[in-house]
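Right, one structure below, let's go through it.
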Amino acid sequence: MSEVPDGDSVSLDMLKKLMAQFAEKRDWNQYHSPRNLLLALVGEVGELAEIFQWKGEVKRGLPNWKEEEKTHLSEELSDVLLYLVRLSDTCGIDLGKAALRKVELNAIKYPVKSYQDVSTSSKKYKQITLETPTSNNGDRNTEKD
């Protein structure tokens, strides 16, 4: 496999090419249908979830985790990423461009101004209530973000 020099970043395109070569060399393309890759991805997400299953809330940076736990986590996160990259490639989706488009759509859906009203005493986001049209019985339905 290819090594990335220190300080260089790894692109989705690089991972896509590496995964395509990996599968090709092993004659695995016959098994890499979108369905099969999705099911493998779901299995890996389950393994990732299992790491957190009985941990309760975990602090950012995982300060109380042992080094071997962090290594295990990095391996499972990598499995999820690699299957996602392979799935998107198999489906003909440019994952990087799709992700950037999704960020843009989310920026429209969740404008900054709506979320900048922060309580100074509690430092928590103000709960925003969006009103939806009235139902047939005249009651108002509301959704909270």
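Does VAL42 fit the bill of being farther than 22 Å from SER11 by Cα and either β-branched (Val, Ile, Thr) or without any contact (Cβ under 8 Å) to a residue 60 or more places away in the chain (or both)?
yes
Being in contact with a helix residue (DSSP H, G or I) (Cβ under 7 Å, 6 or more places away or on another chain) and among the hydroxyl-bearing types (Ser, Thr, Tyr) is the filter; apply it to the range 44-99 and report the residue that is farthest from TRP28 (Cα to Cα).
The selected residue is SER88.
Tell me which helices (runs of 4 or more DSSP H) are completely within the range 21-117 and hold 3 or more residues being surrounded by 14 or more Cβ atoms within 10 Å (Cβ to Cβ), or say none if there are none.
34-52, 67-90
Looking at the range 3-20, which of its residues are part of a loop (DSSP other than H, G, I, E, B), of a type outside the set (Asp, Glu) and either touching a Lys or Arg at 6+ places or on another chain (Cβ under 9 Å) or open to solvent by 90 Å² or more (accessible area, probe 1.4 Å) (or both)? Quick ask: steps written out before the conclusion?
Of the residues in the range 3-20, the ones part of a loop (DSSP other than H, G, I, E, B) are 3-11.
Cutting the leftovers down to of a type outside the set (Asp, Glu) gives us 4-5, 7, 9-11.
Result: SER9, single match.
The values are calculated or read from the model by the stated rules, or taken from the named source; none is laboratory data. Computed from a predicted model, the values in this text were never measured in an experiment. Cβ sites come from the backbone with ideal geometry, for glycine too, and all protein chains shown count toward neighbours. Heads up: the accessible areas ignore ligands, DNA and RNA and are worked out on the full protein's heavy atoms, side chains in. Shrake-Rupley method; radii C 1.70, N 1.55, O 1.52, S 1.80 Å.
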